[in-house]
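Below is one structure; the comments refer to it alone.
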Amino acid sequence: MKISGFFLAALLCHAASTQAAPAAENRLLVMGSTTVLPVASLAAEEFTRRSGREVSITINPGGSGVGVNSAATGRASIGMISREISSDEHKRFAEARLKTHVIGHDRVACVVSSEIYQAGVQSLSREEIRAIYQGTITNWKEVGGPDREIVVVDKERHRGTRHAFMRYVFGDPTARAPGARLVTGSNNEEQAKIAASDAAVGMLSTAWISDEVAGVGIREGQAVLVSNDASQIAYPIVRPLSLVTAGEPAGLAREFIEFMLAPAGQALVENFGYYPVAAADRVR
Amino acid sequence: MTRGFLEKGVLAGLVFMTGFAVFIFALVLAEVAVRGGGALNAGFFLEEARDFGAAGGVRYQMEGTLLLMVGAAALGLPLALAGALFQTEYVDAPGLKRGLRLLVYSMNGVPTILFGLLGYLFFGITLGAGVSWLTGVLILAIMILPTIQVSVQEAIEALPEQYREAAGALGLSRWQVVRSIVLPHCLYGIVTGTLLGLARAAGETAAILFTATAFSGARFPEAMSDPVPTLQTHILVLAQEALNPRTIENAWGAGLVLLCLVFSLIALSLVFRGRLSMEFER
Amino acid sequence: MFQPRSIAIFFRVLVTVLALTATGLIVLFFLFLVKESLPVFQAEGVGFLTGRDWWAGESYGAWPMIFGSAIVTLLALGLALPFALAGAVVASEFLSSRLRWWAKSLMELFAGVPGIVYGLLGVGVLAPAVKEFFGLIDGNTLFTAALLLGIMVLPTLLTLADDALHAVPGKFRDQAQSLGLSRLRTVWAVVLPQAKAGLLGAVFLGLGRAMGETIAVMLVIGGRDRMPAPWYNLFQPGQSIPSKLGREAAEAVGAGLQWNALMGLGLMLFLMVLGMTVAGHLFLKRGRAA
C-alpha cells in the first residue's frame, strides 16, 4: 500500500513534469497508412543511425484516415497517408492547417487469388471490376474463370488504397461496394485474406503482389495494363504517398521529412517497390 | 432395468461432453505450444524485433507488456484496497453497501474497448498524456480495479466473525480493526487479487490498441510520455500477415510467451488463494 | 508525533476519497458516453438504432452491429452452454472435492487465455476449418466468431454453473437419495431446479462477458457492416459493436458525427452489457440466498 502510494505520487509528479514539455525534441510519433509504414519505418532506422543523436521515432499502423486524424489532432507529430486529404477532412480539420509532403508514388493493383489467375483470369476491364464490386457479377465464370463464387474483398472506407482504386473503378473515391463480402484493414490483412482464399479479388499496393496474390491486368480498349510493369506509364490507378503535418513541420519532424526526400530516403522508397518523387512522370 | 440403462447412457453423455470440453482446451494449448514452440530460443527473448516481426525476438514487447501491467497494478491496488475497505468497514447503510457492490460488479463487465476509447479521450486528450505508456497504465488500472477489489472484498468478508467480536470486546476503533485485523488477515486476498489483476492487464489488447502502444521504433520507454511496444499488439499486427512463415511463427511464439506469463500469474493466485482458505479452516 | 486518532481520521478520509474516485469514475464514464453520443441521436433520432446502413459521412445505422453483437453472443452461449452444464454437473456432483478443485483451477486458467491468442487461433486455425468443414467460399463469418466466442466463455460459464450447483445444500441431495433416487435423478429432479437462479445468473454473466470481446471477434467476423441476407444466414460475414469500434474508432477519435455515432454504438453496448451483468448478479445472489 505504502509503496503503491509512493508510486502513485511519483507517477503523478512525473506526469505533470512530462506534460510541461509535450513534444520533446528527440521524439517523434508517426501514424497512419500501412502502405507508407514500411518505408517510413526503414527510413526511421536509417535516420536514427545517421543522426548520431539520441532520437526515437516510433511508428504505428492504422490507415490513411488514422494518419490524417492523428496529425490533425496532435496524437502524432506526423501522419502517413497513401491518398490525398479528402475535402471532408480538410473541412473537419481546417484549424489544423494540414500540410502534405509527397514522398513518393504508388500504383494500386487489382489482385486475385493465384488459383484464379492460373485458371485464366489474367485481366479484367474496369466495367467487370465495377460489376464485381457492385455485386452484379458473382461468379468467376462470368469473366472467363472457373465456376466458383467470387470472394469480393473490400477495404475500410478511409484507407488510401481504397480511395485510389474506387476513384478509378467507380469515379468516386468513397463509392460503396454492395458486392463486398469481407472488409479488411491493412495491406497485410487484405493480402492474407486473399491468399487464404482460392477465389478472392481485392485491391493492393503493387508492392504487396506475391506468389499467392496475383495482380491482374487492367483492360482498357485493346491494351492490357499491368501495375508491376514500370514501362507502361499509362497504368491508370496511381496515388501519391505522403507524410502530413499540422502546419509547417519544425524540429525533428522537419528533419525526418527532409531525410525522406533526400537521396537516401528516396532510395528506400524505390527499393521497396514504390516510385520516388523524381519519377512522378511514370505514374502520371 | 431400462431406466438404469438410460441413466448410464445419460451419464456417459455428460462425461463425454465434459471430456470434449477438456479436449478443446488441450487442443488450444497444444496448437499454441506446437506452432509457437519453434520460435522460442534465447534470442527470441533477448533480441529486438526486426524486419517487421519476421526476424529477431520480442524483447522490448515483453518489457512493454510487463511495464504496462506492473504500472496498472501499482496504481489500481491502492484504489481497489480503498474501495474494498470503504465498502466493508466504513459504510454502514446496507442499501449503500449493496449499491456500491453492484457498481463494482458492473464495472467489471464494462467492455474493455470502451475503457480504451474513453480513457484515451480523458487521459490522452483532455489531460494531454497522448499515446503513451502513462495513458495505458491509467486505462488498465481502472480496468483491473474491480478484479482486485472483488478479490480483496471476498477475503475481508471471509474473515471469521469471532475476530471482529473480539475486537469489539477490546473496544478497538475502526482504524485499529482495519490495521491490526483486517489488513493482515486479508493479505492473501490482496496478493491473489493483484495477481489476477496483473494477468488481466497482461492479456488485454483492445484497451491499449491505439492508446499506449507502438509497432515499430519503440524500445524501453525513456519517459512516461513514450508509447511502448507490447506482446499483445505485436501479435495483432503479425497475425494479419499470413505469407511469411517466419512472421507467423514469431506471432505464435509471442502468443506462447504471453500465454505462459498469464498462466503463471493465475496459477500463483490459485496457490495464494489455497493458502487463504487454509488459514481460515484452521 | 501524530495522535492515533488523527491517523485514524486521515486514513478514513483517504479511503473514502480513493473509493469515491473509483466509483465516481464509472458514473463519469457513463455520463461521458451519453454526452459524446448525444449528437448522433439528435441527428438521426431513433433511426440510429433501426437504420441498416452505415457509411461514415453519409448515414449511421447501428442495427447491423447491434444485431451482429446480439446474434453472435447468443449463438456463442447456445454452443457453450450444453458443455458448460455437462461439465458443471460432472464437476459438482461426481468429482471428489480434490478433483473438483483441480478442475476449477484449470477452468480459471483457461478463462485467462488472452483474447489475442484466441484471435491468432481464429485466423490460423478456426476460420480455415470452418470454411473447409461447411464448404463455404470463405471462413470469416458470424458463425466463426460465435464458435470462437463460445470456446472463450466456456470456462467462465462452467465455473459459474458449477458454483450454482454446488451452492444447493447437501440436505436436498440426502433427502432425495434417501427416497431411493439415484445420483443422476437427484441432479435432474432436485439440484438443477434448486440451482435455477444461479444458473440463470451464470448465463447472463456469460452473455455480458462474450458481448464485450473485441480482438478475437474482430479478426474472424468479416467486418461487413450489413445484415446477412437472409438475416438468419450466419455463414455470412457481419459486424459486432466492439469489432466496429476497434476498426473505426482510431480514424474518428475525438470529434465529428462519426465519432458521436461510434460512441452511440458504445453506449448501446454498454447498456446491453450492463443489463446482463446486473441481471446476472441479481440472479446469482438469489441463487445463493435460496
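Quick look at the values:
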{"item": "Lone qualifier among C:198, C:208 - being touching an Asp or Glu at 6+ places or on another chain (Cβ under 9 Å) and either closer than 29 Å to residue C:43 by Cα or outside any loop (DSSP other than H, G, I, E, B) (or both)", "result": "C:198"}
{"item": "In segment A:210-224, residue farthest from the other protein chains (Cβ to nearest Cβ) [restricted to those that are under 21 Å from residue A:167 (Cα atoms) and open to solvent by 40 Å² or more (accessible area, probe 1.4 Å)]", "result": "A:221"}
{"item": "Any hit, segment C:230-242, residues being touching a residue at least 12 places away in the same chain (Cβ under 8 Å), among the aromatic types (Phe, Trp, Tyr), more than 26 Å from residue C:102 (Cα to Cα) and open to solvent by 10 Å² or more (accessible area, probe 1.4 Å)", "result": "yes"}
{"item": "Positions within segment A:240-266 being in contact (Cβ under 8 Å) with a residue 24 or more places away in the chain and either more than 23 Å from residue A:52 (Cα to Cα) or not in a helix (DSSP H, G or I) (or both), in sequence order", "result": "A:240, A:241, A:242, A:243, A:244, A:245, A:246, A:247, A:248, A:249"}
{"item": "Count of residues meeting criterion [within 32 Å of the chain's Cα centre (by Cα) and in a helix (DSSP H, G or I)] in segment B:151-190", "result": "26"}
{"item": "Subset tally (residues that are farther than 30 Å from residue C:134 by Cβ, in contact (Cβ under 8 Å) with a residue 24 or more places away in the chain and touching a Ser or Thr at 6+ places or on another chain (Cβ under 7 Å)) for segment C:243-265", "result": "3"}
{"item": "Qualifying residue in segment B:62-77 (condition: assigned to a loop (DSSP other than H, G, I, E, B) and crowded, with 24+ Cβ neighbours inside 10 Å)", "result": "no"}
{"item": "Boolean, residue B:141 is small (Gly, Ala, Ser), assigned by TED's automatic domain parsing to the domain that holds residue B:211 and touching a residue at least 24 places away in the same chain (Cβ under 8 Å)", "result": "yes"}
{"item": "Of all residues making up segment C:11-52, the number that are over 28 Å from the mean Cα position of the chain (by Cα), more than 9 Å from chain B (Cβ to nearest Cβ) and within 30 Å of residue B:91 (Cβ to Cβ)", "result": "1"}
{"item": "Segment C:79-92, subset open to solvent by 20 Å² or more (accessible area, probe 1.4 Å) and in contact (Cβ under 8 Å) with a residue 40 or more places away in the chain, residue farthest from residue C:217 (Cα to Cα)", "result": "C:85"}
{"item": "Residue check for residue C:109: within 9 Å of another protein chain (Cβ to nearest Cβ) and either open to solvent by 10 Å² or more (accessible area, probe 1.4 Å) or at positive phi (or both)", "result": "yes"}
{"item": "Matching residues, segment C:79-90, being farther than 27 Å from residue B:206 by Cα and either more than 9 Å from chain B (Cβ to nearest Cβ) or under 23 Å from the mean Cα position of the chain (by Cα) (or both)", "result": "C:82, C:83, C:85, C:86, C:87, C:88, C:89"}
{"item": "Count of residues meeting criterion [in contact (Cβ under 8 Å) with a residue 40 or more places away in the chain, assigned to a helix (DSSP H, G or I) and surrounded by fewer than 20 Cβ atoms within 10 Å (Cβ to Cβ)] in segment C:30-62", "result": "7"}
{"item": "Output for segment A:156-186, where each listed residue is among the basic types (Lys, Arg), open to solvent by less than 30 Å² (accessible area, probe 1.4 Å) and more than 12 Å from chain C (Cβ to nearest Cβ)", "result": "A:162"}
{"item": "Matching residues in segment A:192-204 - criterion: being open to solvent by 10 Å² or more (accessible area, probe 1.4 Å), touching a residue at least 40 places away in the same chain (Cβ under 8 Å) and not basic (Lys, Arg)", "result": "A:195, A:198"}
{"item": "All positions within segment C:218-251 that are acidic (Asp, Glu) and within 13 Å of residue C:54 (Cβ to Cβ)", "result": "C:225, C:248"}
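So that you can scan it fast, the table gives a plain yes or no per residue for (1) under 19 Å from residue B:18 (Cβ atoms); (2) of a type in the set (Gly, Ala, Ser); (3) more than 9 Å from chain B (Cβ to nearest Cβ):
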| site | (1), (2), (3) |
| --- | --- |
| C:100 | yes, no, yes |
| C:105 | yes, yes, no |
| C:125 | no, no, no |
| C:128 | no, no, yes |
| C:131 | no, no, yes |
| C:138 | no, no, yes |
| C:141 | no, no, yes |
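The rows are residues; the columns are (1) outside any helix (DSSP H, G or I); (2) closer than 25 Å to residue C:105 by Cα; (3) open to solvent by less than 40 Å² (accessible area, probe 1.4 Å).
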site	(1), (2), (3)
B:81	no, yes, yes
B:103	no, no, no
B:106	no, yes, yes
B:115	no, no, yes
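Conditions (1) open to solvent by less than 20 Å² (accessible area, probe 1.4 Å); (2) without any contact (Cβ under 8 Å) to a residue 12 or more places away in the chain, marked per residue:
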{"residue": "B:118", "(1), (2)": "yes, yes"}
{"residue": "B:125", "(1), (2)": "no, yes"}
{"residue": "B:133", "(1), (2)": "no, no"}
{"residue": "B:147", "(1), (2)": "no, no"}
{"residue": "B:150", "(1), (2)": "no, no"}
{"residue": "B:155", "(1), (2)": "yes, no"}
{"residue": "B:166", "(1), (2)": "no, yes"}
{"residue": "B:175", "(1), (2)": "no, yes"}
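Quick grid of which residues meet (1) within 12 Å of another protein chain (Cβ to nearest Cβ); (2) of a type outside the set (Lys, Arg):
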| position | (1), (2) |
| --- | --- |
| C:183 | yes, no |
| C:198 | no, yes |
| C:204 | yes, yes |
| C:217 | yes, yes |
| C:222 | yes, yes |
| C:225 | yes, yes |
| C:229 | yes, yes |
| C:233 | no, yes |
| C:257 | yes, yes |
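The values are calculated or read from the model by the stated rules, or taken from the named source; none is laboratory data. If you're wondering where the values come from, they're calculated on a predicted model, not measured in any experiment. Every residue, glycine as well, gets a Cβ built from its backbone with ideal geometry; the counts of neighbours run over all protein chains shown. Protein only, heavy atoms only, side chains kept; ligands, DNA and RNA dropped before computing areas. Shrake-Rupley method; radii C 1.70, N 1.55, O 1.52, S 1.80 Å.
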